[in-house]
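Only one structure is covered here, and it is reproduced in the block below.
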Amino acid sequence: MWYGALILVFFFTSSKLTKVGEEKKRRVDADFKDGGQRNWVQVLSNSGISTILVLIIWRVTQWEDKCLDSKSSILVTSLIGGVIGHYACCNGDTWSSELGVLSDDQPLLITTFKPVRKGTNGGVTKAGLLAAAAAGAVVGVTFVAFGFFTAKCSYNIVIKQLLAIPLSALAGLTGSLIDSLLGATLQFSGFCTVRNKVVGKPGPTVKKISGLNFLDNNAVNAVSILLTTILTSIACVYIF
């Protein structure tokens, strides 16, 4: 049940935030789409890893919700932690992107801390980073809230699940930072003098801002999600 809740929280909050400040985002984002529609590649990168982990969890636990408890099962704890990290990263990246671009703060390139144009891959703002942490915390709160009702664990273990909230907040922030670092180094950003916007591909009318034309946005998201999933999985084994 908690897995379904995480999916709903992620997709509901993401879809709502993509519609906030659409006119302002349209002026900044060269790839802006009305309503924030996602293609199949984006859907896969935002749910593929977690789906595999959940199928393994359900196979191991026989469809029974479990708490984060390494003493009971290191495997299940690491897998659940991976799922939490996955959605904390996805939510954090979405919130930071959708709310960060609306901020009046000047974005700073994460590798040099120099001011860059809004929409530059790897550009971060205080508002964006705070949004990423808050988005991760929401995932943690959702997991804990549903776990109280669906998982059968001892009182001490149930109370310890509250640690999933700050851990998820950290995962959301970490995922956003990894995404920004990859975006600043392995993803191209340039300013198109014709469209008067930051774009993600080189061209004759494009002046380079940062990065290499090595990864696209979907690849950056997939790598940051994978790394955050692994890091959160490991952290859960040690914390719980």
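The values are calculated or read from the model by the stated rules, or taken from the named source; none is laboratory data. Just so you know, these numbers come straight off a predicted model, no measurement behind them. Glycine also receives a Cβ, built like all others from the backbone with ideal geometry; neighbour counts cover every protein chain displayed. Note: areas computed on protein heavy atoms with side chains; ligands, DNA, RNA excluded. Shrake-Rupley method; radii C 1.70, N 1.55, O 1.52, S 1.80 Å.
Ranked from largest to smallest solvent-accessible area, with a 1.4 Å probe on the protein heavy atoms, PHE146, PHE113, PHE240 come out as PHE113, PHE146, PHE240. The relative contact order of the chain comes to 26 percent, based on Cα pairs under 8 Å that sit 6 or more residues apart. Size descriptors for the stretch 112-183: radius of gyration and Dmax over Cα atoms are 16.1, 52 Å. Between the C-alpha center of the stretch 74-90 and that of the stretch 200-214 there is a gap of 35 Å. With no solvent and one point on each alpha carbon, what is the Debye value of log10 I(q)/I(0) for the stretch 62-193 at q = 0.17 Å⁻¹? Log10 I(q)/I(0), no solvent term: -0.82. Note that the stretch 228-240 has calculated 3J(HN,Hα) couplings of 5, 4, 5, 5, 5, 4, 5, 4, 5, 5, 7, 7, 9 Hz, one per residue in order, obtained from phi through the Karplus relation 6.51 cos²θ - 1.76 cosθ + 1.60 (θ = phi - 60°); glycine and proline are x. Couplings 3J(HN,Hα) of the stretch 152-164, computed from phi: 9, 9, 5, 4, 4, 5, 4, 5, 5, 4, 4, 5, 5 Hz, in residue order, whole Hz [Karplus 6.51 cos²θ - 1.76 cosθ + 1.60, θ = phi - 60°; x for Gly and Pro]. A cut-off under 12 angstrom between Cβ atoms defines the neighbours of THR150, and their net charge, with Lys, Arg +1 and Asp, Glu -1, is 0. Taking 0.36 nm per residue of separation and subtracting the Cα-Cα distance, full extension of the segment from THR112 to TRP58 would add 15.0 nm. 3J(HN,Hα) along the stretch 54-67, derived from phi through the Karplus expression 6.51 cos²θ - 1.76 cosθ + 1.60 where θ = phi - 60°, amounts to 5, 4, 5, 4, 5, 5, 6, 8, 6, 6, 9, 5, 10, 8 Hz, with x in place of Gly and Pro. When only Cα pairs below 8 angstrom with a gap of at least 6 residues are kept, the stretch 56-157 shows a relative contact order of 33 percent. Between ILE230 and PHE214, the contour length at 0.36 nm per residue exceeds the alpha carbon distance by 3.5 nm. Close amide H partners of LEU109, meaning residues 5 or more places away or on another chain with modelled amide H under 5 Å apart, are LYS114, VAL116, VAL124. What translational diffusion coefficient, to the nearest whole µm²/s, does the chain have by Stokes-Einstein, given a Kirkwood radius computed over alpha-carbon pairs, a temperature of 20 °C and 1.002 mPa s viscosity? For these conditions, the coefficient is 117 µm²/s. LYS66 exposes around 80 Å² of accessible area when a 1.4 Å probe is run over every protein chain in place.
Helix 126-150 and the longest principal axis of the Cα set of the chain meet at an angle near 20°.
Taking all protein chains together and a 1.4 Å probe, the residues ASP104, ASP69 rank ASP104, ASP69 from largest to smallest accessible area. Among the listed pairs LYS126/LYS207; LYS16/LYS152; LYS126/LYS208, those with a Cα-Cα distance over 28 Å are LYS16/LYS152. Close amide H contacts of LYS197 (hydrogens built in the peptide plane, cut-off under 5 Å, sequence separation of 5 or more or a different chain): CYS192. Over all other residues within a Cβ to Cβ distance under 15 Å of LEU68, the charged ones net out to +1, with Lys and Arg as +1 and Asp and Glu as -1. When nucleic acids and ligands are ignored and a 1.4 Å probe is applied, TRP95 ends up with an accessible area of around 40 Å².
Helix 74-100 against the longest principal axis of the chain: what's the angle in degrees, Cα atoms only, rounded to the nearest 10? Relative to the chain, helix 74-100 is tipped by roughly 30 degrees. Taking packing as the residue-averaged number of other Cβ atoms within 10 angstrom, the listed peptides 212-222, 75-85 run from highest to lowest as 75-85, 212-222. In the context of the full set of protein chains, residues of the chain present 50 Å² of accessible surface per residue (probe radius 1.4 Å, heavy atoms only). Take the alpha carbon gyration tensor of the stretch 94-153, find the square roots of its eigenvalues, order them as a ≥ b ≥ c, and report rounded if a/c is under 1.5; if not, report prolate when a/b exceeds b/c, else oblate. It comes out prolate by the Cα gyration axes. Along the axis of the charge dipole computed for the chain (Cβ charges of +1 for Lys and Arg, -1 for Asp and Glu, origin at the Cα centre), the listed residues CYS89, PHE113, ALA133 are led at the positive end by PHE113.
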